[in-house]
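Please read the structure below before turning to the comments.
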Amino acid sequence: MMKIAHKILMILFVAISFMSAAQETDPARLIESVIESHLDNIDGQTDVALIIEDLEGFLENPVNINATSASELSRLYVLNDVQISKLLEYLSDYGPAYSIFELNSINGFTTGLLQKIEPFIWFGPTEESKKFTEAFQYGKNQLLLRTLGTVQKASGYQSREDGTKPYEGNQYRYYTRYRYEARDQFSAGITAEKDPGESFFKNSNKQGFDFYSAHVSLNINSTFENISVGDFLVRAGQGLVLWQGYTSGKSENVLGISKTNQGIRPSTAVEENLFFRGAATTLKFGKARLGFFYSQKNHDGNVEGNDSSGYFITSLQTSGYHRTKSEIADKNAVRNTNYGGLFSWNFSHLKIGATLIRQQFNLPLFPASQLYNQFRFSGTENITGGIDYSFNKGKYQLFGEGAVSKSKGKAFVQGAIINLNDQLSFSALLRHFDKNYQAPWANTFSEGSNINNETGMYFGIKVLPVKFVALSAYSDYYQSHWINYSTAAPSAGWDVLAQADVVLSRKTEFYIRFKNEEKELKFTQEERYVNLPGKTQKLRLHFYHKYNEKIILKTRIEHALYKGLGKEYGLMVFQDIQYKPLKIPVNISARIAWFNTDSYNSRIYAYENDLLYTFSIPAYYGNGFRTYINLNYKIAKNLDCWFKIGNTLWNGSGAISSGYNEIEGNNKTELKFQLRLKI
């Protein structure tokens, strides 16, 4: 009775405070905010579709807070390990939660954080049926059809003098995906895609699409936590040995430096090389988990040699494009076999784990002979293993991982997150990767994309000095003891970011961000390569205003400074409007942007609304205008469509891009269309 009385009084008190400060929640905006936060250092290999799929899925089927797990909570992408641990500990001590207001009493669960997770959770019974056969009563089918392309034809699609074309196919992308899900206990699906320039049902692709992916994933009972057959991803520890798909890096989420969402999950994206194909399983025995996986798939790569001297691999390709003769020749040219295991044991506040993976190629890999490749992996076989831990207690979280590769190269990461109170939090991370550490599937917190030849120290702080104001900042110093692709000698660098978020009212808020990156880079001086200081500096001011129930306005101004051999500047201004009529099932997003930069070096990125499960963050460079309109219309109860048209106009430009991607003129227009059927 005392617990119940305590909770009722607490809920009433917190509810008054929560409602007085609450802003109107827009789930779509929250998804955009999470994605843009995580994509501050985006690269072409980032599997962002998983984030969108998880969050969109939780909008339709919210997480039951009273019958959830750490793994499921990690897929919200806004809770760190400390917050997840505190939430589960609270539920264990005080019993089921009854409302969002109650969670505000947990240390670290601020009003702003609760507003972010509120659309994705609900407060149900403590015991939910997990019987495998019953899950099919709630099964859902989803079919996606998507096409997109550029109206103007690049030179790769133009006929040459001999009548041939560099690219085999047309300029459109075709994509289709079917998936069946029964809660989190069964999933099966197939995905097919043709990239622009690839042939379709002819030439090298007589079988139809250029890429096919399929999976079946089951959660049978408490022992067989997961069985996956087909295409899947594996994520373990802090990513020092094995982490596939998206991983967070440096961003304004200065406390998000530890890795969550670990384990084995199906691969549903169209990244054609960086996943496993085979079988995997996760077994749970009390507090222990054992995972095993085996994968054998063909990988794109460049193969050279002859019958007399033998064949070898010079490089592995990751673009997934098969448009030209050389790209088609590289398709599936290398057989890549991977197998290994995962182990973890959960104590009350401590989790320890181990990861081991062995990788084999059917031909030896010999990278090019440049100095920066001297310590890279070569040969046919590599083995990497590591031990990781995570400790959560009170206000503190400690985590880390140490690993070693067959080359005897070593690496480690050690981090800490401290939530002193709701107003003040700190984070820190120390990392070191030997120059001869070889872990092809590693994907951890780092400055470089290759997890080797780096030592760094990161510090972050988040302060809530007054109501409706949040201050975040980080500083990261790193150095390399050997040459990298972009340097001519050992080098060092330093990054700093500071951001202030201010809520002016229930409908209006803004943030201002300053970011500075300084590092030594390779430049040509007096006919030789030398390291010289390079700097990129950006200042952003972003406003958000909810004019009424139908109209949302967003305004951004961003300035960029690049300093290499000389100084270059950039400026970008955009105005967004989102319109959602109350009586018509349509949602419209539009933007007009003006940009003026001295070159690509001073480019500026900005997130765009796009089709479901896709994202777009184009680079603004040169001088011109960017406009787009994105429309989502609900045709029927189970049928939705999306349509987007975007145009970029460069002033004074006679051609866009170069090589086979060159477009004559100064105008580039993209069209995108998507249908979704849900049953």
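Please treat every number below as a calculation from the coordinates, not as lab data. All of these numbers come straight from a predicted model, not from anything done at the bench. Note that we place each Cβ from the backbone using ideal geometry, even for glycine, and neighbour counts take in every protein chain shown.
Compute the separation of the alpha-carbon centres of the stretch 461-525 and the stretch 48-109 and state it in Å as a whole number.
Between the Cα centre of the stretch 461-525 and that of the stretch 48-109, the gap is 29 Å.
How about the stretch 242-303: which chymotrypsin sites (Phe, Trp or Tyr not before Pro) there lie in a loop by DSSP and see at most 16 other Cβ atoms within 10 Å?
Working: sites: Trp243, Tyr246, Phe275, Phe276, Phe285, Phe292, Phe293, Tyr294; in loops: Tyr246, Phe275.
Passing both the DSSP loop test and the Cβ count: no residue.
Under Stokes-Einstein, with the Kirkwood radius over Cα pairs standing in for Rh, what whole-number D in µm²/s applies to the stretch 295-336 at 10 °C and 1.306 mPa s?
Working: Rh = 10.7 Å.
In µm²/s, the coefficient rounds to 148.
Taking the alpha-carbon centroid of each part, what is the distance from the stretch 592-621 to the stretch 327-389 in angstrom?
The stretch 592-621 and the stretch 327-389 have Cα centres separated by 34 Å.
At a threshold of 8 angstrom on Cα-Cα distance, excluding pairs fewer than six apart, so keeping six or more, what relative contact order does the stretch 298-440 reach in percent?
On the way: 307 pairs, mean separation 23.2, N = 143.
So the answer I get is 16 percent.
What is the mean projected area of the alpha carbon convex hull for the stretch 497-647, to one decimal in square nanometres?
Details: hull surface 45.7 nm².
It is 11.4 nm².
Quick one: go through the stretch 378-414 and flag any residue whose amide nitrogen is under 15 Å from the point 7 Å out along the Cα-to-Cβ line of Ser309.
Answer for the stretch 378-414: none.
Would you mind estimating how fast the stretch 599-671 diffuses translationally, via Stokes-Einstein at 25 °C and 0.890 mPa s with the Kirkwood radius over Cα pairs, in µm²/s?
Values: Rh = 14.1 Å.
Rounded, D is 174 µm²/s.
Treat each spin label as a single point 7 Å out from the Cα along the C-beta direction, and report the Leu350 to Arg335 distance in nm.
Taking the two extended label points, one gets 4.5 nm.
For the chain, what is the mean residue ellipticity at 222 nm derived from helices alone (per DSSP H run of n ≥ 4: -39500 (n - 2.57); sum divided by total residues; nearest 500 deg cm²/dmol)?
Working: 9 runs with 84 residues, N = 679.
About -3500 deg cm²/dmol.
Given a Förster radius of 45 Å and the C-beta distance between Thr126 and Leu532 as r, what FRET efficiency does 1/(1 + (r/R0)^6) yield to the nearest 0.05? Write out the running numbers ahead of the final one.
Values: r = 62 Å, r/R0 = 1.37.
Working from the Cβ atoms, E equals 0.15.
Just to confirm a number: summing +1 for Lys and Arg and -1 for Asp and Glu over residues other than Phe433 whose beta-carbon lies under 10 angstrom from that of Phe433, what do you get?
Working: positive: Lys410, Arg431, Lys435; negative: Asp434, Glu454.
My count for the surroundings of Phe433 gives +1.
Taking only C-alpha pairs under 8 Å that are 6+ residues apart, what is the relative contact order of the stretch 543-593 in percent?
Here the relative contact order equals 31 percent.
I'd like the distance between the alpha-carbon centres of the stretch 558-585 and the stretch 403-460, rounded to an integer number of Å.
Here the answer is 32 Å between Cα centres.
Any of Lys259/Lys678; Lys583/Lys637; Lys153/Lys325; Lys140/Lys546; Lys250/Lys410; Lys165/Lys194 with alpha carbons more than 26 Å apart? Name them for me. List each step's numbers first, then the result.
On the way: Lys259/Lys678 32 Å; Lys583/Lys637 15 Å; Lys153/Lys325 19 Å; Lys140/Lys546 34 Å; Lys250/Lys410 23 Å; Lys165/Lys194 18 Å.
Among Lys259/Lys678; Lys583/Lys637; Lys153/Lys325; Lys140/Lys546; Lys250/Lys410; Lys165/Lys194, the Cα-Cα distance tops 26 Å for Lys259/Lys678; Lys140/Lys546.
When the C-alpha atoms of the stretch 359-415 are aligned to their principal axes, what extent does each axis show, in angstrom, from largest down?
Answer, in whole Å and largest first: 51, 25, 15 Å.
Hey, what's the Kirkwood Rh for the stretch 216-381 if you take every pair of different alpha carbons, in angstrom? Spell out each step's value before the answer.
Working: mean 1/r = 0.0556 Å⁻¹.
After inverting the pairwise mean of 1/r, the radius is 18.0 Å.
If r is the Cβ-Cβ distance from Lys202 to Tyr94 and R0 is 60 Å, what FRET efficiency results, to the nearest 0.05? Intermediate values should be presented prior to the final figure.
Working: r = 64 Å, r/R0 = 1.07.
So the FRET efficiency works out to roughly 0.40.
Given 0.36 nm per residue, what is the gain on full extension from Leu631 to Glu56 after removing their alpha carbon distance, in nm?
Values: separation 575, 0.36 × 575 = 207.00 nm, distance 1.73 nm.
Residue separation times 0.36 nm, minus the Cα-Cα distance, leaves 205.3 nm.
Using r as the Cβ-Cβ distance of Ile617 and His559, and R0 as 22 Å, what FRET efficiency do you calculate, to the nearest 0.05?
On the way: r = 18 Å, r/R0 = 0.83.
It comes to 0.75.
At each listed q (0.10, 0.11 Å⁻¹), what is the log10 of I(q)/I(0) that the Debye formula gives for the chain modelled as equal alpha-carbon point scatterers?
Normalising to I(0) and taking log10 leaves -1.10, -1.39.
Over all pairs of distinct alpha carbons, what does the Kirkwood formula give as the hydrodynamic radius of the stretch 284-409, in Å? Before the final figure, lay out the partial values.
On the way: mean 1/r = 0.0572 Å⁻¹.
Across the stretch 284-409, the inverse of the average 1/r is 17.5 Å.
For Leu420, what is the net charge nearby, where nearby means another residue's Cβ is under 11 Å from its Cβ and Lys, Arg count +1, Asp, Glu -1? Each step should come with its number before you reach the end.
Numbers: positive: Lys395, Lys462; negative: Asp422.
That sum, taken over residues with Cβ under 11 Å, equals +1.
Starting from the 7 Å offset along Cα-to-Cβ, what nm value, one decimal, do you get for the label separation of Glu161 and Phe673?
It works out to 3.9 nm between the two label points.
Using a cut-off of 11 Å between beta-carbons, work out the net charge of the residues near Thr455 (Lys and Arg +1, Asp and Glu -1, Thr455 not included).
Values: positive: Arg431, Lys435; negative: Asp434, Glu447, Glu454.
Surrounding charge for Thr455 is -1.
Would you mind calculating the relative contact order of the chain from Cα pairs under 8 angstrom and at least 6 residues apart, reporting the percent as a whole number? If you can, show how the numbers build up before the last one.
On the way: 1719 pairs, mean separation 65.7, N = 679.
Relative CO of the chain lands at 10 percent.
Give me the base-10 log of I(q)/I(0) for the stretch 466-546 at each q in 0.24 Å⁻¹, Debye formula, one uniform scatterer per Cα, rounded to two decimals.
-1.06
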